[in-house]
Amino acid sequence: MGLTTTKAPYIEQAVSNGEMYITQPYELYSVENHDTWQRLFQRMQDHWSRYANQRFLDGLDTLCFEPTHVPRLEDVNKFMAPRTGFRAKAVSGFVPAFDFFDCLSRREFPTTITIRDGQSLDYL
């Protein structure tokens, strides 16, 4: 099951406990989660090379994402924080507008940590 969107007991438990801010339990990602990341990353690279502007591509290069596995937020933050002052902050799901903008005011960007299932790659 891993950390698949809508099927992750870790997330369901956090939501049930009223926890909006959580950690990224990297060991819970399944082989399927990493495979889905790899497939999606490869598909997006084709689109990015055709449609993305150079600033986006430069930023993507700076983050040093590995195409073979889900990124660790701590690694993303090592690259992002020194350059932008922002840090990714794991959340259990929907973040109300007030909390979202409060995070941004502290230069924290709320992000979910689940990976959609491999059958939902086209979902926006």
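Scanning region 15-45 for residues that are touching a residue at least 24 places away in the same chain (Cβ under 8 Å) and hydroxyl-bearing (Ser, Thr, Tyr) returns Tyr21, Thr23, Tyr26, Tyr29, Ser30, Thr36.
Are any residues in region 1-60 part of a helix (DSSP H, G or I) and basic (Lys, Arg), and if so, which ones? Even if it seems obvious, please write down each step before you answer.
Our first condition is that a residue be part of a helix (DSSP H, G or I); within region 1-60, this holds for 9-16, 26-28, 31-51, 54-60.
Answer for region 1-60, where residues must be part of a helix (DSSP H, G or I) and basic (Lys, Arg): Arg39, Arg43, Arg50, Arg55.
Taken across region 10-19, residues that are loosely packed, with under 15 Cβ neighbours inside 10 Å, small (Gly, Ala, Ser) and in contact with a strand residue (DSSP E or B) (Cβ under 6 Å, 6 or more places away or on another chain) do not occur at all.
Within region 96-118, identify whether any single residue is part of a helix (DSSP H, G or I) and closer than 18 Å to Met1 by Cα, and answer yes or no. Yes - at least one qualifying residue is present in region 96-118.
For region 97-124, enumerate the residues that are more than 20 Å from Glu32 (Cβ to Cβ), of a type in the set (A, V, I, L, M) and either loosely packed, with under 11 Cβ neighbours inside 10 Å or touching a helix residue (DSSP H, G or I) at 6+ places or on another chain (Cβ under 8 Å) (or both).
Going through region 97-124, the residues more than 20 Å from Glu32 (Cβ to Cβ) turn out to be 97-111, 124.
Cutting the leftovers down to of a type in the set (A, V, I, L, M) gives us 97, 104, 124.
Residues satisfying the conditions are Ala97, Leu124.
Among residues of region 73-95 being loosely packed, with under 13 Cβ neighbours inside 10 Å and in a loop (DSSP other than H, G, I, E, B), the one that is nearest to the chain's Cα centre (by Cα) is Phe94.
Rundown of residues vs (1) touching a Lys or Arg at 6+ places or on another chain (Cβ under 6 Å); (2) under 26 Å from Ser120 (Cα atoms); (3) among the hydrophobic types (A, V, I, L, M, F, W, C); (4) free of Cβ contacts under 8 Å to residues at least 40 places away in the same chain, yes/no style:
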position: Leu3; (1), (2), (3), (4): no, yes, yes, no
position: Gln13; (1), (2), (3), (4): no, yes, no, yes
position: His47; (1), (2), (3), (4): no, yes, no, yes
position: Ala52; (1), (2), (3), (4): no, yes, yes, yes
position: Cys64; (1), (2), (3), (4): no, yes, yes, yes
position: Phe79; (1), (2), (3), (4): no, no, yes, yes
position: Pro82; (1), (2), (3), (4): no, no, no, yes
position: Phe98; (1), (2), (3), (4): no, no, yes, yes
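Values quoted throughout were computed directly from the atomic coordinates according to the rules given, and no laboratory measurement underlies them. Note that this is a predicted model, so its numbers are computed, not measured. Glycine also receives a Cβ, built like all others from the backbone with ideal geometry; neighbour counts cover every protein chain displayed.
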